[in-house]
Amino acid sequence: MTETFVIAQGGGPTAVINQTLAGAVIEARQRYPGARVLGARHGVRGIRDGNFVDLSGLTEQELRLLAATPSAALGSTRDKPDAAYCETILKGLRQAAATAFIYIGGNDTAGTQQILADAAGSDIAFVHAPKTIDNDLVENDHTPGFISAADFIAGAFVGVDLDFRALPGIYVGIVMGRHAGFLTTAAAAWQPDEESGPHLVYVPERAFSAAHFIEDVRAVVSRYGRCIVAMSEGVTAQDGRSVVENLVPSDRLERDAHGNVRLSGGDLGMAIEQALKDGLPKVRARVDTFGYLPRGNVNTISPTDAREAFEAGAFAVEAAARGGGSVALQYVGGATSPRLVPLASVAGKTRHLPDNFLVPEGNRISAECRAYLQRLVPKRFELAKPFV
């Protein structure tokens, strides 16, 4: 029987998601000579609609070039299939004579694979391959896409801190991360000392108070003459609602197709900027929303991230031979390697920033967090100490 692999990409693109795609295609062809490998355009929509790209005939050179290209080459989707939608996906997979379906994405993608695996029986192997800059998949030490995005954030905040030493003021950089603050902590990955920014770090795992925020910033400005802040887009208030919902009138809130408040736009930035103007009216303040910039930046693709993403794709083919499951990057004995874990262990779950990654009092990262970041995002520059 000829093996037929269907591969799709879901959720937000990353700088290395195509490494995982290429790794799976190359491994499938090596392990099963003559295998068909189909790429579904725009995730499960492509399976539903029979919209496939035949990847079987691409040369290895073409696949390696594809691997080094950021963003999802097959196109992606935010669809979260329910049971009925999954029935149409299964129909599409069977029409394509699929023996394995590898879906590259985050925890929602793992959830889709779990539903499909439960409904299909054993004739198709369902594999989830990890991907997310948010670094929020349980069972994973870190996820493909995170390191490259963290490199971008770390370098950006070094530059911002030097800028605001020259022309003092307040700077707030809003970083992606709806439920987890890993990427925001990366703003401090290359921080040389306590005097350097970011001086304050705000993440979804700690309740945010606008009043306390103004007092925190005021104290830092008083001490250093400037204040650099890294803030997750998903920071939440004491009531559990996102800060956007607390600071922005409901008629101005934007929502996605699933009803989630849109965090990656400018509403939070404008609200924080206004809060600073009201609370510290005589201090120069600037708020930037990083938005999508970190997640597919070709200049900050980490070789480690690229290699691990490729290995995750190759291992996904082995996982299919073992009946399916979720591929997880685990750190054991000083090395990172892909392991197979049950889909149910990952599906729909969120890995949060460990409590010990932040100091108990104050909005700063801890020594444990700094060690974690130094392992994944080692400093790439040695810079002079400014005179100011």
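The values are calculated or read from the model by the stated rules, or taken from the named source; none is laboratory data. If you're wondering where the values come from, they're calculated on a predicted model, not measured in any experiment. Don't worry about glycine lacking a Cβ; one is built from the backbone with ideal geometry, like all the others, and counts go over all protein chains shown.
Residues in the stretch 1-41 that are farther than 11 Å from Y103 by Cα and assigned to a loop (DSSP other than H, G, I, E, B): 13 in all. Counting the residues of the stretch 83-122 that are in a loop (DSSP other than H, G, I, E, B) and in contact (Cβ under 8 Å) with a residue 12 or more places away in the chain gives 6. Remark: pairs (first residue in the stretch 1-21, closer than 16 Å to N107 by Cβ and without any contact (Cβ under 8 Å) to a residue 24 or more places away in the chain; second residue aromatic (F, W, Y) and surrounded by fewer than 24 Cβ atoms within 10 Å (Cβ to Cβ); Cβ separation under 7 Å; 6+ apart in sequence or on different chains) are absent. It is to be established whether one or more residues within the stretch 367-387 are farther than 30 Å from A117 by Cβ, at pLDDT 95 or above and either in contact with a Ser or Thr (Cβ under 6 Å, 6 or more places away or on another chain) or among the hydroxyl-bearing types (S, T, Y) (or both). Taking every residue of the stretch 367-387 in turn, at least one turns out to be farther than 30 Å from A117 by Cβ, at pLDDT 95 or above and either in contact with a Ser or Thr (Cβ under 6 Å, 6 or more places away or on another chain) or among the hydroxyl-bearing types (S, T, Y) (or both). Of the helices (runs of 4 or more DSSP H) lying entirely inside the stretch 198-298, those containing at least 1 residues that are of a type in the set (D, E), modelled with pLDDT under 95 and assigned by TED's automatic domain parsing to the domain that holds P360 are 243-247, 267-279. You will find that of T185, T236, the residue that is among the polar types (S, T, N, Q), farther than 16 Å from V287 by Cα and touching a residue at least 60 places away in the same chain (Cβ under 8 Å) is T185 and no other. If the condition is being more than 17 Å from A149 (Cβ to Cβ), under 20 Å from the mean Cα position of the chain (by Cα) and in a strand (DSSP E or B), then the stretch 302-335 contributes S326, V327, A328, Q330, Y331. Please state which of the following conditions T112 fails to meet, knowing it meets all the rest: (1) of a type outside the set (D, E, K, R); (2) more than 29 Å from T336 (Cα to Cα); (3) in contact with a Pro (Cβ under 7 Å, 6 or more places away or on another chain). Of the numbered conditions (1) of a type outside the set (D, E, K, R); (2) more than 29 Å from T336 (Cα to Cα); (3) in contact with a Pro (Cβ under 7 Å, 6 or more places away or on another chain), the odd one out for T112 is (2).
Residues in the stretch 345-362 that are modelled with pLDDT under 95 and buried (at least 21 other Cβ atoms within 10 Å of the Cβ): 0 in all.
Of all positions in the stretch 44-62, none carries a residue that is in a loop (DSSP other than H, G, I, E, B), closer than 25 Å to A149 by Cβ and under 28 Å from the mean Cα position of the chain (by Cα).
When the stretch 106-142 is limited to residues that are at pLDDT 95 or above and over 15 Å from A347 (Cα atoms), the one that is surrounded by the most Cβ atoms within 10 Å (Cβ to Cβ) turns out to be I133.
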